[in-house]
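Derivation of every value follows stated rules applied to the coordinates shown; laboratory data play no part. Keep in mind it's a predicted model, so treat the numbers as computed, not measured. Cβ atoms come from the backbone with ideal geometry, glycine included; neighbour counts cover every protein chain shown.
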Amino acid sequence: MKSTAIILSCLLVVIAAGAQANRSTSPSVSAEQVAAIYPGIESLYIDLHKSPELAFQEKQTAAKLAERVKALGYEVTTGVGGTGIVAVMKNGPGPTVMMRTELDALPVLEKTGLPFASTVTTKNAAGETVPVMHACGHDLHMSAWYGTAELMAKNKQKWHGTLMMIGQPAEEVLQGAAAMLKDGLFTRFPKPDYALSLHDEATLPAGTIGYHPGFFRASADTVEVTIFGRGGHGAAPHDTVDPIVIASRFVLGLQTIVSRENNPMDPAVITVGSIHGGTQANIIPDQVKLQLTVRTFNPAARKRMLAAIEREAKGEAMAANAPKEPVVEIKAGTDAEFNDPKVTERMVATLRKALGPDKVVEMPAKMTSEDFSQYGLAGVPAILLHIGAVDPAKLAESKQSGKPLPAPHSPQWAPVFQPTVEAAIRAETAVLMDLLGG
């Protein structure tokens, strides 16, 4: 009896140790599995890069991804929110986790010099012919997304629950997430328990994951201001009310909103990106039009700055005795993106086990915007991670010389593809498997 008890005790210790080992091992896919599918991923990337499409025009892009994930066994729905796709794989009981990629490109003329550089031109929403380029890395995101979808399908024994892979249109114009939600993303399909997305990053070496708990990407609003004057001859300004002078004073006045009205502990940006008025040197025009972008993290600061912009415009017009008040149109973009701190902490631990501690670093918040924020506002703990996409040697050289490298939205932006996409796939699968009970 005594020997039997000893044997049972030993068995229990072995079982407990095995269970503990399983718990301490991060669910993930191997580098060998990623390498095995890499040729197909690279081929997809080149195809996507050569054939970019603008916001809400991503029909061919969506079709390519939908066809591929359907072949993997996902239940695929197309046309969600316009051109979005939803691919669902149910793998027994468990949580529901959403993985998002963006589909759209930018109206940018590519100057990367890549052998597969985009030469596409198309008409934008205003009917103007523009060049098109994946200048923000969405082609990289889609390639990693598909690789992740493939390996999640091939490793179903490592997770359980429901995986929702979505391809979102129109991120660049900050309208796609809202369009998909309005079209029933969280009602026609399972509402996820978690949402995840990954974005390329120009300040980190290729393959390094960047994270930031809390507010990570700023809200964005566009403000269009039309200032009215009384036109006339440039040689007789006393017979006019010059809207160019009013607009100039308005632009200068805007600078004090952030520096003197906003709490310096709340980051904020007001940028005048467009100003148009007049036709030639000796004519004072009737009006000037300006376009502004406004970025904040704090909703109260956002509201206060938008009100201050309108006040400044009207005040300068009144001071110049303008014939009528300016027209101020606020076009809401998206809210600040918030990374759930507890889920972020969990993901960081998972990623460090999967990729190594030196490959996961905290990074500062950014004033750029992302409509991924809308999923969090819809009640889903959402995590946006960044992944370095720059050659480490070039990044080190840039830091030493002070000469900046191309970044997203630049016509020269070209991520270092293979190490970036392979790390992205390993990171995405590790996080998904952990959240899906791996």
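Some observations on this one:
- Gain on full extension, evaluated as 0.36 nm per residue between GLU224 and ASP391 minus their Cα-Cα distance, stands at 56.2 nm.
- Distance between the 7 Å Cα→Cβ label points at ALA378 and THR279: 4.8 nm.
- Options SER274, ILE284, ASN298, ranked by Cα towards positive dipole end of the stretch 219-334, top entry (Cβ charges): ASN298
- Rounded to the nearest 10 degrees, the angle from helix 392-401 to the longest Cα principal axis of the chain is 40 degrees.
- Sequence-distant lysines (8 or more away, or on other chains) whose Cα lies within less than 23 Å of LYS314: LYS289, LYS303, LYS324, LYS331
- Computed packing ranks the peptides 127-139, 313-325, 100-112 as 100-112, 127-139, 313-325, most packed first, by mean other Cβ atoms within 10 Å.
- A protection proxy built from the mean count of other Cβ atoms within 10 Å ranks the segments 404-411, 379-386, most packed first, as 379-386, 404-411.
- Computed about its Cα centre, the charge dipole of the stretch 173-288 is approximately 180 debye, with only Lys, Arg, Asp and Glu carrying charge at their Cβ.
- Derived scalar couplings between HN and Hα for the stretch 368-377 equal 6, 10, 8, 7, 4, 4, 5, 5, x, 5 Hz in order, rounded to whole Hz, by the Karplus curve 6.51 cos²θ - 1.76 cosθ + 1.60 (θ = phi - 60°), x for Gly and Pro.
- Spin-label model distance (nm) - ASP358 vs GLU75, 7 Å beyond Cα toward Cβ: 4.6 nm
- Put a plus charge on the Cβ of each Lys and Arg, a minus charge on the Cβ of each Asp and Glu, and nothing anywhere else: the dipole of the chain about its Cα centre is then about 1080 debye.
- Taking the DSSP bridge list for the chain and keeping only pairs wholly inside it, about 70 percent are antiparallel.
- Residue (of VAL258, VAL80, THR240) at the positive-pole extreme of the chain, dipole from beta-carbon charges: VAL80
- Given R0 = 22 Å, the distance between the Cβ atoms of ALA235 and SER259 translates into a calculated FRET efficiency of 0.05.
- The local environment of ASN155, defined by Cβ-Cβ distances under 15 Å, has a net charge of 0 under the rule Lys, Arg +1 and Asp, Glu -1.
- Calculated Rg/Rh (Cα atoms, Kirkwood Rh) (choose from [x] 1.07; [y] 1.39; [z] 0.96), label: [x]
- Rounded to the nearest 20, the Cβ-based charge dipole of the stretch 68-141 about its Cα centre (Lys and Arg +1, Asp and Glu -1) stands at 220 debye.
- Antiparallel bridges, percent of DSSP beta bridges restricted to the stretch 93-227 (to nearest 5): 25 percent
- Legend: distances between Cα atoms for LYS90/LYS359; LYS158/LYS359; LYS70/LYS191; LYS70/LYS394; LYS59/LYS111; pairs beyond 28 Å are LYS90/LYS359; LYS70/LYS394.
- Pairs from LYS156/LYS353; LYS342/LYS366; LYS156/LYS182 whose Cα-Cα separation, in the structure shown, is over 25 Å: LYS156/LYS182
- Global form of the stretch 134-175, assessed from the alpha-carbon gyration tensor, a/c cut-off 1.5: oblate
- Label point distance in nm, ALA117-VAL272, each placed 7 Å from Cα along Cα→Cβ: 3.4 nm
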